[in-house]
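The values are calculated or read from the model by the stated rules, or taken from the named source; none is laboratory data. These numbers were taken from a predicted model, which means no experiment stands behind them. Here the Cβ is made from the backbone with ideal geometry for all residues, glycine too, and neighbour counts use every protein chain on show. Note: accessible area is taken over every heavy atom of the protein model, side chains too, but ligands, DNA and RNA are not part of it. Shrake-Rupley method; radii C 1.70, N 1.55, O 1.52, S 1.80 Å.
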Amino acid sequence: SIVLARSLGPVAYGVYGVVMSVLSWVERTLNAGIPSATAAMISRGGEDEAAAEKTAWTVLVAWSVPLFALLWFGAPGMAAYLGVPEYSDLFRIAALNAPVMAIYYAYEGILKGRRRFAALSGVQVVQPVIKLLGIVVLLIVGMNVGGTVTAHVFASLITVLVAMALFPMQGKKFELRAGIRLVTSAVPLTSYSITLVILMNLSLWALQRSVAGTSVEAGFFVASMNLTKVLMVIPATTSGVIFVSLTWALTNSRDSLVRKYVLEAGRFAIITLMPMCVVLCTNAEAIMLLLYGQQYAGSGPILSLLGLAFGAVALLDIYFFVLMARGMAGRAVAATLVLIPLLALLNWIW
């Protein structure tokens, strides 16, 4: 992100960030419910476990088709709405990532369900490493926004090929009954995940639409947001683990472990989040200048505010999965849904 921000400059980096934010909405929609439901089904065992893996793969790939079509055919409209009509092709390049990530997220759910967290970490490392190599190539041959989006898609493809080679799927073929159970279990997670990604990107979309691709403001926002997304590492490493662990503990009536897991997850999040939030807020301008250069002077206040916001989102994400494991996902979904019109109103006022 730092290399891209420096090489592209604030204006082009803002366009790249907007395209990737739309892609992240698609990916988050894919990653929302089915992988976690798959992990829970495999961890519980029982009659549906044997069909869970290949059923999840089939359901996710099928789910990616309408999302791909939405992004591909809706690209001109999205680009025009966000004030960058000349970049509609970038949204179509990004659309190619949808079916690839569907397979990736299937493996994510399967490996979590098998409780092979180290193996999952290894797979997750492949994508950023390949993407970094792609960026290095672009630095040599010439950096541009289209190349950076293509590098992201290529990195996803390589990651999926590695996962398919190392972890062949097990069990029975697709079963309709298991597929229905997966989709039913995934509805609250999908609703929450879509809502969360809208909350995380709504201000950026409103800003990009208002400046129409000609201002550095969107680039400042994207650069700050990518730094504060470091805070989302905490729920990314904690939420899935606690969801599977709580599901297992509740299924086996291990009430003492349930309380222990919730408390430890909360403590871990607070202990790790607080120092990062303090550093981001108190040294925001210096951090932006150090990492991104003088092109991003004046962006510190944005980083300070986003640091606080993303710290809160990280805690929200962890405790949502606690509620989900307890069967109370509706409360968290309702709370986040209420925030969307509130955020839209505040964006309009400010």
Legend entry - Cross-chain or 6+ apart pairs with Cβ under 8 Å, the range 143-155 first and closer than 15 Å to residue 18 by Cα, then open to solvent by 10 Å² or more (accessible area, probe 1.4 Å) and aromatic (Phe, Trp, Tyr): 145/16; 145/87; 148/16; 149/16
Legend entry - Per-region count, the range 317-342, residues surrounded by 15 or more Cβ atoms within 10 Å (Cβ to Cβ), in contact (Cβ under 8 Å) with a residue 24 or more places away in the chain and out of contact with any Ser or Thr (no Cβ under 7 Å at 6 or more places or on another chain): 7
Inset, instruction - Go through the range 279-300 residue by residue and tally those that are assigned to a helix (DSSP H, G or I) and surrounded by 14 or more Cβ atoms within 10 Å (Cβ to Cβ). - result: 12
Inset, instruction - Please tell me if residue 203 is under 17 Å from residue 19 (Cβ atoms), not in a helix (DSSP H, G or I) and not basic (Lys, Arg). - result: no
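With the structure loaded, tell me whether residue 267 is modelled with pLDDT of 85 or more and part of a helix (DSSP H, G or I) or whether it fails that test.
Values: modelled with pLDDT of 85 or more: yes; part of a helix (DSSP H, G or I): yes.
So residue 267 fits the description; yes.
Looking at 177, 209, which one is open to solvent by 40 Å² or more (accessible area, probe 1.4 Å), farther than 21 Å from residue 1 by Cα and modelled with pLDDT under 75?
Details: 209 fails: modelled with pLDDT under 75.
Testing whether each residue is open to solvent by 40 Å² or more (accessible area, probe 1.4 Å), farther than 21 Å from residue 1 by Cα and modelled with pLDDT under 75 leaves just 177.
Inspect the range 227-244 for any residue being of a type in the set (Val, Ile, Thr), more than 19 Å from residue 324 (Cβ to Cβ) and surrounded by 19 or more Cβ atoms within 10 Å (Cβ to Cβ) and give the result as yes or no. Walk me through how you get there before you give the answer.
First, the residues of the range 227-244 that are of a type in the set (Val, Ile, Thr): 228, 230, 233-234, 237-238, 241-242, 244.
The next check asks that each one be more than 19 Å from residue 324 (Cβ to Cβ); those that pass are 228, 230, 233.
Adding the requirement that they be surrounded by 19 or more Cβ atoms within 10 Å (Cβ to Cβ) leaves 228.
There is at least one residue in the range 227-244 that is of a type in the set (Val, Ile, Thr), more than 19 Å from residue 324 (Cβ to Cβ) and surrounded by 19 or more Cβ atoms within 10 Å (Cβ to Cβ).
Could you grab me the full set of residues in the range 245-272 that are among the β-branched types (Val, Ile, Thr) and open to solvent by less than 30 Å² (accessible area, probe 1.4 Å)?
247, 258
Each row is one residue, and each column tells you yes or no for (1) modelled with pLDDT under 85; (2) buried (at least 22 other Cβ atoms within 10 Å of the Cβ); (3) in contact with a Pro (Cβ under 6 Å, 6 or more places away or on another chain); (4) in a helix (DSSP H, G or I).
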residue: 77; (1), (2), (3), (4): no, no, no, yes
residue: 91; (1), (2), (3), (4): no, yes, no, yes
residue: 99; (1), (2), (3), (4): no, no, no, yes
residue: 111; (1), (2), (3), (4): yes, yes, no, yes
residue: 122; (1), (2), (3), (4): no, no, no, yes
residue: 126; (1), (2), (3), (4): no, no, no, yes
residue: 130; (1), (2), (3), (4): no, no, no, yes
residue: 134; (1), (2), (3), (4): no, no, no, yes
